[in-house]
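The values are calculated or read from the model by the stated rules, or taken from the named source; none is laboratory data. All of these numbers come straight from a predicted model, not from anything done at the bench. All Cβ positions, even for glycine, are placed from backbone atoms using ideal geometry, and neighbour counts span all protein chains on display.
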Amino acid sequence: MRKILPYLFALICLLAIFKTCENKTVTKQFTPEIKGKFESKKVVNVPIKKNKQKVTLNDEFLQKQIDSLLKINDLQIADFTNANDSLKKLLFEKAIELNAFKQVFNDSNVIIEVNGIAQGKVQNLQAHYTIKPISIPPPKEVVFALRAGVEYGNNINFNSGIAKANLEFENISGNTFSASFDTDKRVWIGYKKTLFKIKK
C-alpha cells in the first residue's frame, strides 16, 4: 500500500490542478458614470491692449494667439479708420455680432463640454462634464492552496488509538481534495465541495 501512496498523492494533485484551471468568468466592475453641469455665469474679462500692461500667460499657445490677434486688431482699426460711413456700419455690426460657441474636451477619464456666447468678448460660459466609469480590478483570489495536517482518534474506552497524516489541496472554487494515510495502514481519499460562502 505504501508503494502506491506517492501515485495516489500525484493523482490528487492533478485533479486539484485540473479543477483550478477550469474556466471561471470574472465580471469587470466599474465605478458609476457621473454627469453634472455648472450653471451659466458671467465671465470676468481682462482687456488685453497693446502698449499697456502686458498680460502674460503660462500657456505658450495662448500667448502666441494673443500676440497674433493684437496684430490683426491693428489692421482692423486701420481698415475701420479709412472706411466710409456705410462700411463702418457693417464693420461695427460684425464686431458686436452674437456668436454661440461649443467645445468638447474628451480623454480617457472625463468628457467636458463648454458652451458660451461671445459678443466682441466672451459674455458667459457653461460647462457640462461626464466622469467616465473607471474599471476596478477584481480582488485577488486564492488560486491554489496546499495544506498538511495530522489527526488523532480513539474509541470511547481510549484503548485503540490511531493517528492519521493528510494533505489537502484547495482550488480557486474553494473545493478541497485530500489524501491521508493512518497508522493502521489505511489510505483515505476525500473531496469537499463548497456549498455557499458568506462575505462581508
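Scanning the stretch 105-112 turns up no residue that is in contact (Cβ under 8 Å) with a residue 12 or more places away in the chain, among the aromatic types (Phe, Trp, Tyr) and on the phi < 0 side of the Ramachandran plot.
Yes or no: ASN45 modelled with pLDDT of 65 or more and over 30 Å from the mean Cα position of the chain (by Cα)? Against the criterion (modelled with pLDDT of 65 or more and over 30 Å from the mean Cα position of the chain (by Cα)), ASN45 qualifies. In a strand (DSSP E or B), of a type in the set (Gly, Ala, Ser), loosely packed, with under 12 Cβ neighbours inside 10 Å and free of Cβ contacts under 8 Å to residues at least 12 places away in the same chain - does that describe any residue in the stretch 143-163? Yes, that holds for at least one residue. For the stretch 148-155, indicate whether the set of residues that are more than 36 Å from the chain's Cα centre (by Cα), outside the structural domain of LYS35 (by TED's automatic domain parsing) and farther than 25 Å from LYS192 by Cβ is non-empty. Yes, some residue in the stretch 148-155 is more than 36 Å from the chain's Cα centre (by Cα), outside the structural domain of LYS35 (by TED's automatic domain parsing) and farther than 25 Å from LYS192 by Cβ. Determine whether the stretch 132-142 contains at least one residue that is among the hydroxyl-bearing types (Ser, Thr, Tyr) and assigned to a strand (DSSP E or B). So far as the stretch 132-142 goes, yes, one or more of its residues are among the hydroxyl-bearing types (Ser, Thr, Tyr) and assigned to a strand (DSSP E or B).
Let's see how each residue does on (1) more than 30 Å from GLY174 (Cα to Cα); (2) among the charged types (D, E, K, R):
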position: GLU60; (1), (2): yes, yes
position: LYS71; (1), (2): yes, yes
position: GLU93; (1), (2): yes, yes
position: ILE96; (1), (2): yes, no
position: PHE101; (1), (2): yes, no
position: VAL122; (1), (2): yes, no
position: GLU141; (1), (2): no, yes
